[in-house]
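All remarks here apply to the structure that follows.
Every number here is computed from the coordinates shown, using simple stated rules; none is lab data. Being a predicted model, the structure only gives us computed values, none of them experimental. All Cβ positions, even for glycine, are placed from backbone atoms using ideal geometry, and neighbour counts span all protein chains on display.
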Amino acid sequence: MSNEAAHSLRVSLVLKWKHDNIYDAKVSVTLTDTCYMPGDLRIGLPPGTLGIPEIEYLTFSFTHKGGMCGQVVKTVDQSMEIPFSDGKPNVTAFAVVNGEVAGQDTKPFPK
């Protein structure tokens, strides 16, 4: 898969209440080859992406190196604490590869 190819990754978001209005957000991304390198999970939209104010956005960044890649399927997880707000009852997590959105999942905050 070259760097110019479109990437399609499976993203899973799990929200778990911790205390007060703080939740643990776990983002799992299933990778399809050994050339994917995970980066950081952060709050915010991917660059160049528009959103709505009623959703909290998370971005999990990856790079994909060119060349020979082994065909190995594995899941990479990262977690972070995020605050609940009545104005943002849902969370969307994006997987971004080389600056392009490659998958997403949306969940409501659990009650």
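For residue 40, the requirement of being farther than 19 Å from residue 99 by Cβ, out of contact with any Gly (no Cβ under 9 Å at 6 or more places or on another chain) and not aliphatic (A, V, I, L, M) is not met. Within region 48-63, none of the residues are touching an Asp or Glu at 6+ places or on another chain (Cβ under 7 Å), aliphatic (A, V, I, L, M) and touching a residue at least 24 places away in the same chain (Cβ under 8 Å).
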